[in-house]
Amino acid sequence: MASAPTTIIVPNLPDPSESVGQQCWQYHPSFDSPAADVVLCASDDVMYRVPSYTLRTTSGFFRAMFTLPQPNSSLYRVERPRALYKESHDIFIPTHVPSDILTLFLKLISGMQIDTPLHEWGCLSTPSSSAQSKSQESSYSCFDTISRLLNLVESWDAPGPLSYLRLGLRNPELVKRDPFKVFSIASHFGWEYERNWAAQHSLMIDSMSFDSDTDIRHTLECMSSRDLLYLLKLRYKRKEEFEALLDDPDRFSIGNAEEIVCPRCYEALVDNGTWRALKEAMVIELERRPLGDSILGCNVAGMGGDCSSGGILTWPEADACFKATCRTKGCGSLNYDERTTLKLIQSCIDDLPWDV
């Protein structure tokens, strides 16, 4: 004689004697089909009907769960008040996941449309009309929501949502808001393209903001020492190579020569003091903002440019350098050709490395 199916008494279910209007459990409107055979319960009591086939084929966690031998080869069933629930043969799985994250996860594995781009994931609420649920509406930054969903996707072994999130990280709005966070996420999962892309965009961040900007400081504090060292080495490498290129006598033959006479009158030695002052100012600026767009006054490799205000042509050091003339009476020749020098400076920035 076959044994009776194993029954789970769900904790915190409303008492059968209570009226229906007093209970706060509800199904998510996108996941309430009676044809589904699994009920997932979020930590804030929102319930989801999901086909076991969907869970089994999209998540390694659920695939392992459903293949484990069950007592008497029967599925776990839920015993619930008939006044509240019509179905009584569902697999009930309580979770520790809040409904905003569980909703995103289930929509992704179910192939449902998600209209909200990742950079607008900062305020997601439980789809409930009850006052209690509205009072518990959760509001997070977009990166908090992305990180919590990634943690769930990773723990439940769901490659589909993971690939969606990987592509979503390439959203320009995300990397503009916090390239360090994008870099940290991509580095954790070993996504090289996204990691390098975020590292390049991090070069737009002012080094002075590391301590003054609380969001950036928090991201850097949570970053692994290996990732942080990589980003700092990239900044240092670009600064060192830029300084070496500016000192190259083959590129800047007049400015870097020990002794060179005016190419027009061939009498007075060229005073390179203004060029040395401009070089020092450019190196300091690149150390502050390693992308180099604030020096050129335009974007570099399609990045930056919006934080610049004219580049070095607005600097007093550049004004003094490009107006410096020969000291020979009656000559007055300019020491440096402005257009040629600017082109050479741009070539130096274009030649800087993008990785360590």
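The values are calculated or read from the model by the stated rules, or taken from the named source; none is laboratory data. Since the model is a prediction, treat every value here as computed from it, not as a measurement. As a convention, Cβ positions derive from the backbone with ideal geometry for all residues, glycine included, and neighbour counts pool all protein chains shown.
How many residues does the stretch 277-303 hold that are closer than 18 Å to R235 by Cα and either outside the structural domain of N335 (by TED's automatic domain parsing) or buried (at least 20 other Cβ atoms within 10 Å of the Cβ) (or both)?
Here the count works out to 12.
Looking at (1) of a type outside the set (S, T, Y); (2) part of a loop (DSSP other than H, G, I, E, B); (3) in contact (Cβ under 8 Å) with a residue 12 or more places away in the chain; (4) more than 23 Å from L234 (Cα to Cα), which is the only condition E258 fails?
Going through (1) of a type outside the set (S, T, Y); (2) part of a loop (DSSP other than H, G, I, E, B); (3) in contact (Cβ under 8 Å) with a residue 12 or more places away in the chain; (4) more than 23 Å from L234 (Cα to Cα) one by one, E258 breaks only (3).
Can you find a residue that is among the aliphatic types (A, V, I, L, M), in contact (Cβ under 8 Å) with a residue 24 or more places away in the chain and not in a helix (DSSP H, G or I) anywhere in the stretch 160-183?
yes
Within the set of pairs 6 or more residues apart or between chains, which connect a residue that is at negative phi inside the stretch 79-102 to a residue that is among the aromatic types (F, W, Y) and at pLDDT 85 or above with Cβ atoms less than 8 Å apart?
Hits for this filter: V97/F105; L102/Y48.
Any residue that is more than 22 Å from C222 (Cβ to Cβ), modelled with pLDDT under 90, within 17 Å of the chain's Cα centre (by Cα) and part of a helix (DSSP H, G or I) - is there at least one of those in the stretch 119-128?
The answer is yes; a qualifying residue exists.
Every residue, every condition in (1) at pLDDT below 95; (2) part of a loop (DSSP other than H, G, I, E, B), yes or no:
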position: E267; (1), (2): yes, yes
position: D271; (1), (2): yes, yes
position: E280; (1), (2): no, no
position: I284; (1), (2): no, no
position: S308; (1), (2): yes, yes
position: A320; (1), (2): yes, no
position: G330; (1), (2): yes, yes
position: I345; (1), (2): no, no
position: C348; (1), (2): no, no
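Where residues in the stretch 221-254 are free of Cβ contacts under 8 Å to residues at least 12 places away in the same chain and among the acidic types (D, E), which of them is surrounded by the fewest Cβ atoms within 10 Å (Cβ to Cβ)?
D250
Return yes or no: is P263 assigned to a loop (DSSP other than H, G, I, E, B) and at pLDDT 90 or above?
no
Which is outside any helix (DSSP H, G or I) and touching a helix residue (DSSP H, G or I) at 6+ places or on another chain (Cβ under 7 Å), of F242, F210, F252?
Testing whether each residue is outside any helix (DSSP H, G or I) and touching a helix residue (DSSP H, G or I) at 6+ places or on another chain (Cβ under 7 Å) leaves just F252.
Give the residues of the stretch 335-351 that are over 39 Å from the mean Cα position of the chain (by Cα) and touching a residue at least 60 places away in the same chain (Cβ under 8 Å), sorted by residue number.
Correct list: N335, Y336.
Which one of these does S347 not meet: (1) touching a Lys or Arg at 6+ places or on another chain (Cβ under 9 Å); (2) surrounded by 14 or more Cβ atoms within 10 Å (Cβ to Cβ)?
(2)
(1) within 31 Å of the chain's Cα centre (by Cα); (2) of a type outside the set (F, W, Y); (3) exposed (fewer than 14 other Cβ atoms within 10 Å of the Cβ); (4) more than 16 Å from I205 (Cα to Cα): which one isn't true of E259, the others all being true?
Answer for E259: the failing condition is (1).
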